[in-house]
Structure formats: structure tokens, C-alpha cells
Amino acid sequence: MEDPERFSQQVIYSSRTFKLMREGFRIKGGKEIWVDVVRHRGAVAIVPVLEDGSILLERQYRYSLMKWIYEVPAGTLEPGEPEEECARRELEEETGYEAKEIKKIGEVAVSPGYSDEIIRIFFARAGRKGTQRLEGDELIGITRASKEEAFSMISRGEIVDAKTIAALFLAERLGLI
């Protein structure tokens, strides 16, 4: 099967972190289709583990859902920013903790039906605790959970964030938590 050929791109809306595009593709037989696609510069998510083995989780207010949810720390890549540098920066800004050790463990496509956003997943050994440096619109509290507590939170529907669920399962599967 051959790849569709993109023949048109139009910016419908542009923000600081993504663009909404209307794109035209030619598929087999020359048929033209139009799709709306969110083009995103990418993000990172971090599974931070403390010396005692507990996992740092954020309780963050998400305006899109109009409620508080539990997540691993995460954030958007700045233009040209290396992935690991972004992971270290986001961990420190959102939790106040530095990463003593950090490594990339995978990637996930957030919602490939309409977005090209890829989240790079990192595992970190959290070190020295400093001060959170939140952005003006961020409402984030920090909590600790054992691996068992975190997976129970998923089972009970308390953790519903897809990147968090994927990151925790990947870290567990790799024997990191």
C-alpha cells in the first residue's frame, strides 16, 4: 500500500504550542480527501521516583476537563530544545525536584486520529528538592504514591490521563518501578 500524497496545507489556527491545519491528500486512484490535523511540537512526560521508591504524581487542574486529575509531570518542548533537557526542566519546574538520573524509556502518540503529537517518556531518579516554578495558569499539587497505590488509582479510575497510564505501565514493564 502506498502512502497518500499531501498536496495542500492551510493553517486554520495557530497557538504557542500547536497549529490546527486543513490538509489535502491524494489517496490510491487519485481521490482527494481533506483532513483537519493538530500539528504539535511534541512533549515529554517523566516518571519520577524518590529514594524511598515512591513515585511523584501531580494533582493538576485541567481546564479542558474542568476538574483535577492525577498525572506524571509533563510539558511541551520549546523550539529546538533537546528532549532530555525538556524533561529535566519540566520535572524541576512542576515538582521542584532535580533529576539525579534520567533516561528515555519510550514514546506514545497521543491521539493519532487527529494529532501528530508525540510524548517522549522518561524515567527519573528524583534528587534534591527545591521550589516549584509554575506558569501562571498552572494549578499543581504534588503527592507521593507507591507503585501499588499508583496502579490501584488506575484501577479505581482515579488516574485517567493516558500518558500517565502508559508511562507507569512502561516503567513497570521495564522493571524501573
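The values are calculated or read from the model by the stated rules, or taken from the named source; none is laboratory data. The shown structure was predicted, so the numbers you read here are calculated from the model rather than taken from an experiment. Here the Cβ positions follow ideal geometry from the backbone for every residue, glycine too, while neighbour counts run over all protein chains shown. With ligands, DNA and RNA removed, areas are computed over all heavy atoms of the protein, side chains included. Shrake-Rupley method; radii C 1.70, N 1.55, O 1.52, S 1.80 Å.
Of the accessible area of the stretch 1-131, computed with a 1.4 Å probe over protein heavy atoms only, carbon and sulfur atoms account for 49 percent.
Close lysine pairs were tallied over the chain: pairs 8 or more places apart or on different chains with Cα atoms under 25 Å apart number 15.
Leu170 contributes an accessible area of around 50 Å² to the protein surface, as traced by a 1.4 Å probe with all chains present. The length gained by stretching the chain between Leu65 and Glu78 to full extension, at 0.36 nm per residue less their Cα-Cα distance, is 2.2 nm. Of the listed values (i) 33; (ii) 22; (iii) 27, identify the label whose number matches percent of Cα pairs over 27 Å apart calculated from this model. So the calculated entry is the one marked (i). Electrostatic bookkeeping for Ile102 treats Lys and Arg as +1 and Asp and Glu as -1; over the other residues with beta carbon under 12 Å from its beta carbon, the sum is 0. Fully extending the segment from Ser146 to Met1 would add 47.6 nm, taking 0.36 nm per residue of separation and subtracting the current Cα-Cα distance.
Report summary: the helix-based calculation at 222 nm, which adds -39500 (n - 2.57) for every DSSP H run with n ≥ 4 and divides by the residues of the chain, gives -6000 deg cm²/dmol.
Between Ser64, Ser115, Ser15, the Gaussian network model of the chain with springs among Cα atoms under 10 angstrom shows the greatest mean-square fluctuation at Ser64.
Within the chain, which is the longest segment containing none of the GluC sites (Glu not before Pro) that sit in a DSSP loop and have at most 11 other Cβ atoms within 10 Å? With a cap of 11 other Cβ atoms within 10 Å, the longest stretch comes to 52-134. Think of a 1.4 Å ball rolled over the protein heavy atoms: the chain then has 57 Å² of accessible area per residue. Loop-located trypsin sites (Lys or Arg not before Pro) across the stretch 122-165 with a Cβ neighbour count of 12 or fewer within 10 Å are Arg133, Arg156, with loop assigned by DSSP.
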